[in-house]
Amino acid sequence: WIYTLRTRANNYKRIAASESMLRNISSNINGGVLVLNPQKEYQISFVNEGLLKLMGYTEDELRSIYARDYFYFIHPDDRQTLNKLLTMKGSSAAQGNEFSVPLRVRTKEGKFIPSLVKGSFVKNEKGEKELFCMIVDISREQAIMEELRFEQESHRILLEKSDEILFEIDYNEQTVKVSPQFKEKFGWSLPKKYWGDEEPSLTKIYEEDR
């Protein structure tokens with residue numbers, strides 16, 4: 001009897017510690033946490049304030065809509081990807097079965113937020129398999145990547161279309177890009193990789209300028 005009480009007390013402490021760790025993790029990400037039960041058609045076991053704030057719903061609103069159609073919150077073009085992923089990972093008996101997938105998540109306003117969904121199938125204190133999901137808003141990161149792609153395309157067009165001879169040197173990749181006008185003017189091309197174990201040939205450069 002005393003052993004049973006001690007075991008229960010230890011279990012409660014472990015659960016409390018897990019819940020505390022979950023709150024700490026979920027309060028320090030730009031997004032939220034969702035725990036689902038695959039045995040009960042992926043019903044919501046837990047949702048934190050961070051996810052509710054991100055999506056603009058109250059917990060009752062989220063649960064009500066989710067109970068009718070949990071794919072409602074996922075962009076139509078992403079639903080097949082998620083469904084295949086859940087089927088493949090959920091059917092495996094292995095503990096963990098982690099995945100990471102970019103999805104667009106619907107807010108209450110009807111907008112779709114670019115998100116990174118990281119999930120893992122784990123067993124709870126009752127021995128039931130649950131899906132632990134961390135949903136992170138990656139709108140800012142995506143905007144930065146789009147801006148970077150735009151800048152790279154602008155540089156490419158500038159190199160190709162400018163009447164002047166332009167150089168672009170990438171010290172990390174150890175490469176040199178030069179506008180097509182260079183070859184048109186001098187009749188030869190610079191090597192794409194200008195550093196390395198071998199010293200570059202400078203025979204085409206005036207001797208005093210090498």
Sorting 88, 55, 134 on solvent-accessible surface, 1.4 Å probe, most exposed first, gives 88, 134, 55
For the pair residue 67 and residue 84, the simple spin-label estimate (label points 7 Å beyond Cα toward Cβ) gives in nm 3.3
Per the 1/(1 + (r/R0)^6) rule, R0 = 41 Å and r from the Cβ atoms of residue 157 and residue 49, FRET efficiency to 0.05 is 0.35
With DSSP loop assignment and no more than 15 other C-beta atoms within 10 Å, the GluC sites (Glu not before Pro) in segment 85-178 are 109, 125, 128, 164, 173
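Taking 0.36 nm per residue of sequence separation and subtracting the Cα-Cα distance, how much length would be gained by fully extending the chain between residue 166 and residue 124, in nm to one decimal?
Working: separation 42, 0.36 × 42 = 15.12 nm, distance 6.11 nm.
Gain on extension, residue 166 to residue 124, equals 9.0 nm.
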Of the listed pairs 40/129; 108/129; 89/123; 84/111; 89/118, those with alpha carbons more than 20 Å apart are 108/129; 84/111
Once 155, 75 are ranked on solvent-accessible area with the largest value leading and a 1.4 Å probe, the list reads 155, 75
Share of Cα-Cα pairs in segment 96-210 beyond 21 Å, whole percent, is 64
The long-range amide H neighbours of residue 130, using H built 1.01 Å from N in the peptide plane and a cut-off of under 5 Å, are 122, 123, 124
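The values are calculated or read from the model by the stated rules, or taken from the named source; none is laboratory data. These numbers come from a predicted model, not from an experiment. With ideal geometry, Cβ positions are generated from the backbone for all residues, glycine too; neighbour counts draw on all protein chains shown. SASA here: full protein model, heavy atoms, side chains in, ligands and nucleic acids out. Shrake-Rupley method; radii C 1.70, N 1.55, O 1.52, S 1.80 Å.
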